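No lab work stands behind these numbers, since they all come straight from the coordinates. For clarity, every value in this text was computed on a predicted model and none was experimentally measured. Methodologically, a virtual Cβ is constructed for each residue, glycine included, from the backbone with ideal geometry; neighbour enumeration extends over all protein chains shown.
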Amino acid sequence: MPFSLLKYGLNKDYPFEQHADLPKPTELKPHYDVVIIGGGGHGVATAYYLAKYHGITNVAILEKSYLGGGNTARNTAVIRSNYLTSEGVKFYSESVKLFKELSNEFDFNIMYSQRGQLTLAHTDAAVRGFRQRAEVNKHFGGKTELIDPQQIRELVPTLNMNPADMPVLAGLWHMDGATARHDAVAWGYAKGATQRGVELHQLTEVTDVIVQQGKVTGVKTNRGNVSCGCVVQAVAGHSSLLAAKAGFKMPITTFPLQAMVTQPVKPFLDPLVSSPSLHCYVQQTGRGELVFGGGSDPYPLYSTRSTMDLKESLLANAVELFPFMANMRLMRQWAGLTDMTSDYSPIMGLSPVDNYYLDAGWGTWGFKSTPICGKSMAELVASGGKVPELIKPFSMDRFNAFRQVNEMGATAASH
Amino acid sequence: MKMMNCPLNGLRNISEFVHGGEVKEMPDPNSCSDKEWADYVFFSDNAISVVTEWWLHAPSGYWFIAERHTGSDEILKTYDPSVLFSERVEFSAPATEVKA
C-alpha cells in the first residue's frame, strides 16, 4: 500500500482512476459521426440512446473534466414532474417513467427511491396555483393531489405547521416524486453506451468549433482536431461560452446554485419537502444526511464558491420548517453553475448552425430530465434534424417568436 | 458580506443591490425587426470577462452601472449612468383630446 501510494504521488500524468466498468481511454479518431460535447448525464444519455435505439455507435463524448463531474454531481437529485405548463408536465412525466426502469435496464443500481414530494402552500394564491398544477398533472397521468394540513401532519409528523408565522394551508402531494443516486445515473448510461461502442474521452476539452458555410464540420480539442457529421452540445452552465465558439448567442444567463448537506442522522423524513414561500427544500438521503437547497444566487457569476449570505437565509428557513435541526452540523457545501433561461424552460433542438444541436438551458431542472432529454436528443440526431414532437415547444427559436413556455413550477421560479 | 460601492450611497452590503443585466444598446422599437428586439430582450453574451452591467440600489431606487468580472466576482468600478447617457431622453407623446 505505501508503495502504490508513493507511485501514485510521484506520477507525472494526471493520476485519475480508471472506472472499472468503462473501457480504457484510447486515442481520438480523426472522424466521428456524432460528437457530444459534455460528459454529464445528458451527454452520456444521448449517446446511450443513439447506440441503443438508432444503432449509431461512431460517437465520441468529449468531456473536459471527468464523467459526471459537473452539475450531474452537484444537483440535489430530485425527480418530479409536478410542473405547471402542459408542455413541461408531458416532458417530465416521460422522464419519471424512464427513471423507474433504469436500474433494470442498466443492470446497475441507481438507487431510485420513490418517496413522494410535498410542496407547502402558505398563501391562498399558492393553494390556487397548486390546484391547477394538480389538475394539469392528473390530466397527463401523474399522481398529484392537493392535501390538507391534517394529511400533511400524518405524512411528516416532524414538520412545524406554522413556520416563520406562515401557517401551512395545504400541500401539493406528488406521489411520483423520487430521488436517485445522480452519479450512478451518469455511470449507468456511460457503461451502457461504451459497451455498445461509444467512446468516452475524459480530460478532452473542446477549444473551438469548426463551422464551414453555416455547417459544423468538426471540433478542435486539446488532444487534436476531430471532424464530425454533427455536434450535440450539453454543457449546462457553460452553454453560452461554447455557443460563442460556434458563432451564436443564447438566451441564457449563468447563475450559481448552492446546496449543502448535514451530518447523517436516523431516518425521520420520508418525503421530499419543499416550501416555495420559504425558498427552501429539504430531503433526507438514504445515508441519513439532510440535503438543503433553495433558489439560485441573486446575480450571474461563473464561480462555484459558497456564500455565508445564502447559508444564513436558507438555513434560517430550514430550521423554521424543522426546528429540532437547529443544532445539526453541516458536513459539505457546494455550488453548481446553472444555465438559466428567462422562462424557466429548457432549450433543446436546432441551432443557427446546421448539424449543431442544442441541449441547454437546464437551470434547476436538468437532472430530473436526464433520461427523456437523452432519448429525445438521440431521436433528433438520428433523424438528421427532425425535431421530435415532445421537445418542439422548447426550441431556441421560441424566443425569437415570443412564444416562451412560462414554467413557474420550476424550483428557481417558485423559490 | 460582500460589499459594493454605490455611486450615490457609498459602500453597502451586496444584499441591498439588484442585478439588472448587461448594458446593451436598445434598438428603436418602432423600426427594428422582431429578431432584433428578441436579441435585445433575451439573448446575451453571458461571457466570463469584465461585464458592464446595470445595478439597482433597491432602498434608494437608484440605478447605476458597474463593471464586474463574471469569473472572479470582482467589482472593478461603479459609476452613475449619466456617463453613458449624457443626453436627456424625451418621452413626450403628443397630447390628444379625450372625448367624453
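Cα centroid separation, segment A:139-211 to segment A:218-294: 12 Å.
Counting other Cβ atoms within 10 Å as a rough exposure proxy, the listed residues A:Arg181, A:Arg74, A:Arg329, A:Arg115 run A:Arg329, A:Arg115, A:Arg181, A:Arg74 from fewest neighbours to most. When every Cα-Cα distance of segment B:3-83 is counted in 5 angstrom steps from zero, the calculated P(r) takes the values 3, 14, 24, 20, 17, 13, 7, 3, 0 percent.
Compared with the dominant principal axis of the Cα atoms in chain A, helix A:41-54 is inclined by about 60°. Quick one: net charge around A:Pro264, please, counting Lys, Arg +1 and Asp, Glu -1 for every other residue with C-beta under 11 Å from its C-beta. Local charge sum for A:Pro264: +2.
With the convex hull drawn around the C-alpha atoms of segment A:150-206, the volume per residue stands at 194 Å³.
Among the GluC sites (Glu not before Pro) in segment B:1-85, those located in a DSSP loop and surrounded by at most 14 other Cβ atoms within 10 Å of their own Cβ are B:Glu25, B:Glu74. Each Cα pair under 8 Å and six or more residues apart adds its sequence gap; the mean of these over the residue count of segment A:80-188 is a relative contact order of 40 percent.
With a threshold of 20 Å on the Cα-Cα distance, the over-threshold entries among A:Lys90/A:Lys143; A:Lys100/A:Lys368; A:Lys191/A:Lys220; A:Lys100/A:Lys143 are A:Lys191/A:Lys220. Computed over neighbours whose Cβ is under 14 Å from that of A:Leu310, the net charge equals -1, Lys and Arg +1, Asp and Glu -1. With point charges of +1 on the Cβ of Lys and Arg and -1 on the Cβ of Asp and Glu, referenced to the Cα centre of the protein assembly as shown, which listed residue (B:Gly71, A:Tyr299, A:Tyr356) lies farthest in the positive direction of the dipole? Comparing the listed Cα positions along the dipole, A:Tyr356 ranks first. Expressed as an acute angle from 0 to 90° and rounded to the nearest 10, what is the orientation of the C-alpha long axis of helix A:308-321 relative to the principal long axis of chain A? The answer is roughly 50 degrees. For segment A:279-327, the set of trypsin sites (Lys or Arg not before Pro) satisfying both a DSSP loop assignment and a count of at most 10 other C-beta atoms within 10 Å is given as A:Arg287.
Exposure proxy shown here: for A:Val226, A:Val198, A:Val291, the number of other Cβ atoms within 10 Å sets the order, fewest to most, as A:Val291, A:Val226, A:Val198. As a proxy for reagent exposure, A:His182, A:His139, A:His42 were ordered by neighbouring Cβ count within 10 angstrom, fewest first; the result is A:His139, A:His182, A:His42.
Neighbours of A:Val209, meaning other residues whose beta-carbon lies under 13 angstrom from its beta-carbon, give a summed charge of 0 when Lys and Arg score +1 and Asp and Glu score -1. The angle between the Cα long axis of helix A:86-106 and the main principal axis of chain A comes to about 70°, on a 0 to 90 degree scale.
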